[in-house]
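The values are calculated or read from the model by the stated rules, or taken from the named source; none is laboratory data. If you're wondering where the values come from, they're calculated on a predicted model, not measured in any experiment. Because the Cβ atoms are built from the backbone with ideal geometry, glycine has one as well, and the counts that use them run over all protein chains shown.
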Amino acid sequence: MTPISERTARVLVARRSGGMCEAGFDAEATEVHHRVNRSQGGTWDPANLLHLCHRHHRWITTNPRGAELKGWALPRGSVPGIKPVFMARWGYVLLTSQGGLIESATTTETTRRTA
């Protein structure tokens, strides 16, 4: 599989978020966060990315254990596409490499797409 460029990943994630913070859905998203940090092997795959406001991005960075409970941060070696993440607008979902999301296996397997 060909890696997705940073530019393409940013476009896909911004489209998925609709410009709103995916963690709180209460502020404009201005930053992209890697669930598996780049320093730990994280990639620009949209399944590994969240579009966040500065406040939530800072909270995730300073509260790694709490962030991991929500799927906002993942340990080295994790596969983001199979790890549920809490998104304020949708609840727990799986993120796809195409920039979409799938309701978590704990609910249904219906794919939701953003335009």
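One residue stands out in the stretch 17-35 among those that are crowded, with 22+ Cβ neighbours inside 10 Å and among the aliphatic types (A, V, I, L, M): the one that is nearest to Gly91 (Cα to Cα), namely Ala23. You will find that of Ser78, Ser39, the residue that is without any contact (Cβ under 8 Å) to a residue 12 or more places away in the chain and surrounded by fewer than 20 Cβ atoms within 10 Å (Cβ to Cβ) is Ser39 and no other. Pairs linking a residue in the stretch 48-74 that is closer than 15 Å to Glu22 by Cα and modelled with pLDDT of 95 or more to a residue that is of a type in the set (S, T, N, Q) and surrounded by 16 or more Cβ atoms within 10 Å (Cβ to Cβ), with Cβ atoms under 7 Å and 6 or more positions apart or on different chains, are His51/Ser17.
Going through the stretch 1-16 one residue at a time, which ones are surrounded by 15 or more Cβ atoms within 10 Å (Cβ to Cβ) and either touching a Lys or Arg at 6+ places or on another chain (Cβ under 8 Å) or part of a helix (DSSP H, G or I) (or both)? If you could, list the steps in order and put the result at the bottom.
Here is the first cut: in the stretch 1-16, the residues surrounded by 15 or more Cβ atoms within 10 Å (Cβ to Cβ) are 4, 9-10, 12-16.
If the condition is that a residue be surrounded by 15 or more Cβ atoms within 10 Å (Cβ to Cβ) and either touching a Lys or Arg at 6+ places or on another chain (Cβ under 8 Å) or part of a helix (DSSP H, G or I) (or both), then Ala9, Arg10, Leu12, Val13, Ala14, Arg15, Arg16 are the ones that fit.
Taken over the stretch 36-62, the criterion of being over 19 Å from Lys83 (Cα atoms) and β-branched (Val, Ile, Thr) is satisfied by Thr62 alone.
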